[in-house]
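Below is one structure, written out as structure tokens; comments come after it.
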Amino acid sequence: MTGYINSIRESNSGLEYGFIVGDDGNSYYFDGNSLAGNQTMTECDVHDEVEFIPARKVAERKNIPAREVVLIKMNGNSSKIEEKSSIDADEEQKEKKDIVKYFKAGFATHLNKKYAYEQCLKPDSGEDIVVNKISKILYVSRLGYHVIDQRSRYQFCVAGATEVLKQYIRGKYEFLIIMSHFDNEDWQQKNLIVEREVRKRKEIADRRLLVNFYVLISNAVNLRSEIEKVKGGTSSAVIPFAFKEIIDCKSKDELSELFVTRFSEYLYENNMLGETTAIDDDNLLFGDRGKIADLIVSRCQMKSNSGIFGLRRSGKTSVLNAVMRRLERNGVKYIKIESRSELENLDSWKTALYDIARKIRKTVLDIEPAEGESRGEFAKRLRLNSTEEDYEKRPSYFIEDVKLYCKDEPIFVIAIDEVELITYNTAKTKTWKDVEAYCGFWGALRDCGCALIVCGVNSTINEINTISYNGTQGDNPMYGRIINCVDSSATYLPVFTDEQTKIMINTLGGYSNIGFSNVYTEINRAFGGQPYAVRQFCSYVFERVKHLRKPDELYEVSKASIENLLTEFINSAEGNRLCETILQHIVIFKDEYQMLKKIALAPENYRQLKGEELNKIDHLQKYGLIEYDSNTYYISFRIHSIRDYICKNHSKEPLDMTNEERRQYVQLNVANCERLLKKYIRD
């Protein structure tokens with residue numbers, strides 16, 4: 001059925017919804033979940049024409065729900081351009097491409113301005129004047145506030161791009177504006193934290209705001225000098241404005257000029273290619289990472305266990321964060337355990353179980369410690385079924401307690417990150433370098449009835465039936481009980497294809513006015529499709545060529561530049577650090593690591609692998625370090641920089657040397673022995 005959007009409104013929780021008048025004259029309700037494909041409520045306007053599927057009318061509801069809503073005409077312009085016999089296909093495509101829609105300046109029709117000003121804005125701060133001024137050149141669709149601590153309340157608004165910013169934003173997109181007004185006019189370091197916290201709010205995350213920048217309006221006297229310190233960093237660019245300079249603008253043209261000038265100074269200066277922290281925004285997930293998160297959520301809903309394994313910096317924690325966001329949206333309760341901060345330094349694995357049970361109880365009850373409340377007082381409010389001393393005597397209490405705490409939860413998820421820190425053969429602390437601790441801890445988690453998500457470098461948790469370590473043996477309680485993050489025998493977290501790499505580096509590079517459209521295949525091949533390695537190299541490239549950019553033109557990196565900068569990067573401190581990071585935990589598979597070195601140092605001897613040697617490359621393949629053809633038995637490196645790093649930092653074993661190399665090796669060692677012997681006799 002077709003119809004048109006009659007109205008769009010905003011609920012008390014900040015979520016947008018609307019009503020469609022269908023061809024049959026009935027009113028149909030829709031919201032973000034009703035939209036087909038990747039469309040969002042932001043793209044919808046009153047009077048837009050739509051196609052949709054009417055759902056079955058529910059007796060108690062006045063309006064019939066609409067499903068699979070598709071925009072077919074937006075503000076009177078058809079998104080399905082009709083064929084024109086007088087224009088050839090190329091011209092028609094160009095015409096379609098050139099239609100760029102922007103918001104109209106002003107306030108969104110669903111925004112209750114008076115209520116929003118009273119509830120959200122700080123009295124006598126000038127924020128109301130600033131918002132009124134902004135609405136003359138931008139589209140203001142939402143106002144809100146966010147509390148960082150008891151003394152710090154930040155106001156924010158969501159603004160839509162108008163043609164004023166067409167030089168920097170091409171299309172109908174929204175972005176975030178943070179307002180920071182403090183009576184003492186001092187700079188607050190928290191100003192640089194609040195943006196990420198606001199973006200995590202469900203009603204903001206659902207709007208899919210632009211991630212490459214945000215506007216900060218502040219009354220701090222040294223605002224510009226503080227923003228200069230973070231200019232050129234790896235996070236979102238900050239576009240700073242003082243309250244006074246916006247308020248002092250006497251006309252719309254003057255304000256427009258101020259915004260355009262300030263955007264030109266700051267927008268393209270940050271280097272988001274070099275970001276090293278885990279991704280916590282779906283807009284920055286590339287490749288199949290989002291789909292993998294969806295698959296894991298589906299398995300959680302079936303109470304199945306999932307594993308997210310891969311090399312260091314391969315995106316494991318980013319995928320785990322994406323899973324957590326999806327669980328939250330679906331109303332599924334979960335806890336996320338950080339092994340490094342919560343488990344690694346405990347003196348007992350039984351204490352670890354007690355802490356996990358306590359965290360589960362807190363999450364199920366949805367309570368937090370009150371200000372000034374002691375741990376004992378909070379424990380009484382939690383009404384825990386057992387004490388820590390009980391767990392020391394009988395760890396199986398954990399299973400009983402968790403089942404009791406979660407009896408009203410259809411699904412509860414326990415996610416544990418960096419499991420290599422609590423796995424017997426990779427742990428650094430005495431508590432976890434123990435087979436009994438491993439078997440007891442994971443045995444209890446396996447039987448507690450919760451869906452588990454295990455994330456880390458060490459995948460032996462799922463692959464070895466009988467554990468043997470430091471003279472002690474035990475049955476692995478998790479053997480074969482974890483489903484890999486993707487249904488593939490070749491890799492854990494999959495490496496990126498050329499096309500996926502192209503999208504990632506051109507998107508992130510575009511935020512800095514730099515493009516890689518002519519060189520993405522060479523870059524992807526050099527780093528084996530490992531997204532972190534690719535980004536770090538592209539970040540290195542950006543720093544070398546950024547002075548060549550022009551404000552009004554995307555700078556495309558050439559193949560000649562990539563070829564030379566690749567050699568420079570591999571021999572640089574940054575390149576060495578990257579290789580060290582990637583290989584940091586591979587040494588846990590000692591035989592495989594030795595084989596990796598042999599393949600790098602003596603490729604002529606290990607071009608083909610058969611028999612027992614095949615068992616030594618299992619994890620190397622899964623991690624995406626090497627590529628093996630089972631038909632020809634040929635093997636090669638996927639990450640050439642890793643091969644070069646090994647060749648620079650390791651030496652061949654005598655058995656892998658040529659006759660000439662062995663002769664030189666013996667001569668060198670004989671000469672060393674002679675020198676040491678002469679020194680010993682002399683002294």
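The values are calculated or read from the model by the stated rules, or taken from the named source; none is laboratory data. Keep in mind that this is a model prediction, so the values were computed, not measured. Ideal geometry is used to build each Cβ from the backbone, glycine not excepted, and the neighbour counts take in all protein chains shown.
Annotations for the structure displayed:
- Residue in region 437-454 that is without any contact (Cβ under 8 Å) to a residue 40 or more places away in the chain, out of contact with any Gly (no Cβ under 7 Å at 6 or more places or on another chain) and of a type in the set (D, E) present: no
- Considering region 533-613, the qualifying helices (runs of 4 or more DSSP H), each wholly inside and each with 1 or more residues that are out of contact with any Leu (no Cβ under 6 Å at 6 or more places or on another chain), without any contact (Cβ under 8 Å) to a residue 12 or more places away in the chain and among the hydrophobic types (A, V, I, L, M, F, W, C), run over 559-570, 573-583.
- Of the residues making up region 331-340, one or more are acidic (D, E) and assigned to a strand (DSSP E or B).
- Checked against (1) surrounded by fewer than 18 Cβ atoms within 10 Å (Cβ to Cβ); (2) modelled with pLDDT under 90, K172 meets all criteria but (1).
- Hey, S225 in contact (Cβ under 8 Å) with a residue 60 or more places away in the chain, assigned by TED's automatic domain parsing to the domain that holds I129 and part of a helix (DSSP H, G or I) or not: no
- Yes/no for Y645 being touching a helix residue (DSSP H, G or I) at 6+ places or on another chain (Cβ under 8 Å), aromatic (F, W, Y), closer than 21 Å to G575 by Cβ and at pLDDT 85 or above: yes
- Per the listing R299, R326, the residue uniquely without any contact (Cβ under 8 Å) to a residue 40 or more places away in the chain and not assigned by TED's automatic domain parsing to the domain that holds F182 is R326.
- For K250, the conditions (1) modelled with pLDDT of 95 or more; (2) more than 20 Å from Y168 (Cβ to Cβ) all hold with the exception of (1).
- Of all residues making up region 374-428, the number that are within 28 Å of K316 (Cα to Cα), in contact (Cβ under 8 Å) with a residue 40 or more places away in the chain and surrounded by fewer than 15 Cβ atoms within 10 Å (Cβ to Cβ): 1
- Residue list for region 412-447, restricted to those being part of a loop (DSSP other than H, G, I, E, B) and acidic (D, E): E418, D434, D447
- Residue satisfying all of: in region 310-330; among the charged types (D, E, K, R) and outside any helix (DSSP H, G or I); farthest from E203 (Cα to Cα) among these: R312
- Considering only residues in region 448-486 that are among the hydrophobic types (A, V, I, L, M, F, W, C) and part of a loop (DSSP other than H, G, I, E, B), the one that is surrounded by the most Cβ atoms within 10 Å (Cβ to Cβ) turns out to be C485.
- Output for region 528-538, where each listed residue is over 12 Å from M504 (Cα atoms) and surrounded by fewer than 22 Cβ atoms within 10 Å (Cβ to Cβ): none
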